Amino acid sequence: MDAEKRKNKSAEQTNRKLLGGLIVSSLLVLLLAVGCGTAISGVLWYAEQMDTLAADNESLNQALGEAAQREQVNKETIADLERQLNDLRGQAEDNAAAIAALEARIAGQAPVPVTYPQDAKLIALTFDDGPGATTSRLLDELKKRRIPATFFVLGTRAKAQPALLKRMVQEGHVVGSHSNAHKNLTKLAYKALDEDMQACAEAIEAATGQAPTLMRAPGGNYNETVTGYARLRGLRLIQWSVDTRDWESRNKEAILTTAFQKGQYGIRDGAIVLMHDIYDTTVDAAVEMMDRLLDEGYTMVTVPELLRVRAGGGTPGAVYRECLPAKP
Ligand code: NI
């Protein structure tokens, strides 16, 4: 029994060992299987990730390609715009040159000088102290007859009625300075004289766009200070040979009688006639005077025109009372 027991015991031990080995082996196999499964699923996961990455990479490359294409288009657009800009700059330079050339032509385009027959009788009608209430009626009468005149305006009145000055210039008349406030210029210190005259010149330029080139001293009062001032400012000092004394008589017939008197104080070729466009009686007289002068074959001109034809344009600071024709 003992031997059999021992045999059985031994067999039992062997069986246990075998069972143990079997369990261990099974566990190992199981572990191996789990390991392999994990490994396979890991490989599959990586493969999937690789695909995703590849797809991402492709779309990135595509986006980069499109961006590069857009950049190229932008570069071409910029280059095209730069070309257009250069073309426009070139055109602008051409235009500026053309404008400058036209401006130079305009600046150099003096009105074609009128030539008068040798025996033409020229006379300049001048009107002082305006513009006034009767100035526009006088302008209407001058316009009807196409007669140009010269107005020596006061700065204070010019400032009040700039439209009338503008009209004068537009209708071919000339505007000269008669000072700002009609003071006796010989009684003013140089600084006060300059200020007074400049105020008038500025009013004339503001209204007409042209600075005056003529002046007439209030009351005809001038001295060396006044002529010195006129020379410095480029002004010809215009007096008169025919004093109608219209302001005194205020009478049409008296004005005409005085104007048409015989001799050096009456109307003759080269005379400068003094009147005032601020009296109705003066305008009435001027209308008759103009018609009579036309009948007698006179050509009425502005003072600068008379100076141009008879005195080489005149000299700033010089005094003119008339411009007689050259003796043959
Ligand atoms: Ni006056």
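What follows is calculated from the coordinates using simple rules that are stated; it is not laboratory data. Keep in mind that this is a model prediction, so the values were computed, not measured. Cβ atoms come from the backbone with ideal geometry, glycine included; neighbour counts cover every protein chain shown.
Tabulated data
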{"quantity": "Under-5 Å amide H pairs with residue 214, H placed in peptide plane, nonlocal only", "calculated": "177, 236"}
{"quantity": "FRET E, pair residue 41, residue 18, Förster distance 30 Å, beta-carbon r, rounded to 0.05", "calculated": "0.30"}
{"quantity": "Hz values of 3J(HN,Hα) by residue in segment 212-222 - Karplus curve (6.51, -1.76, 1.60), Gly and Pro given as x", "calculated": "x, 10, 10, 9, 10, 6, x, x, x, 8, 9"}
{"quantity": "Square roots of 5 times each gyration tensor eigenvalue, C-alpha, the chain, largest first, Å", "calculated": "118, 23, 18"}
{"quantity": "Centre separation in Å (Cα based) which lies between segment 256-328 and segment 1-77", "calculated": "127 Å"}
{"quantity": "For segment 184-193, Karplus couplings with θ = phi - 60° (6.51, -1.76, 1.60), whole Hz, Gly/Pro x", "calculated": "6, 5, 6, 9, 9, 5, 3, 5, 5, 4"}
{"quantity": "Selection from 227, 300, 266, by position along the positive dipole direction of segment 203-328 (Cβ)", "calculated": "227"}
{"quantity": "The chain - charge dipole about Cα centre, Lys and Arg +1 at Cβ, Asp and Glu -1, debye rounded to 20", "calculated": "620 debye"}
{"quantity": "Charge-dipole axis of the chain as Lys and Arg at +1 and Asp and Glu at -1 on Cβ define it, positive-most pick from 214, 11, 184", "calculated": "184"}
{"quantity": "Fewest-first sequence of 240, 45 by Cβ atoms within 10 Å of each Cβ", "calculated": "45, 240"}
{"quantity": "Neighbour-count ranking [beta-carbon atoms within 10 angstrom, fewest first] of 77, 281, 302, 150", "calculated": "77, 281, 302, 150"}
{"quantity": "Amide H contacts of residue 299 (H built 1.01 Å from N, under 5 Å, at least 5 apart or other chain)", "calculated": "121, 122, 123"}
{"quantity": "Estimated vicinal HN-Hα couplings, Hz - segment 126-135 in sequence order (Karplus 6.51, -1.76, 1.60; Gly, Pro = x)", "calculated": "10, 10, 10, 6, x, x, x, 5, 9, 4"}
{"quantity": "Size of electric dipole in segment 150-213: Cβ of Lys, Arg +1 and of Asp, Glu -1, about Cα centre, debye, nearest 20", "calculated": "200 debye"}
{"quantity": "Proximal charge balance of residue 207 [Cβ under 15 Å; K/R count +1, D/E count -1]", "calculated": "+1"}
{"quantity": "Nonlocal amide H pairs with residue 276, under 5 Å, H built at 1.01 Å", "calculated": "128"}
{"quantity": "Cα-centred dipole magnitude for segment 1-109, charges only on beta-carbon of K, R (+1) and D, E (-1), debye, nearest 20", "calculated": "1580 debye"}
{"quantity": "Relative exposure of 157, 167, judged by other C-beta atoms within 10 Å (fewest first)", "calculated": "167, 157"}
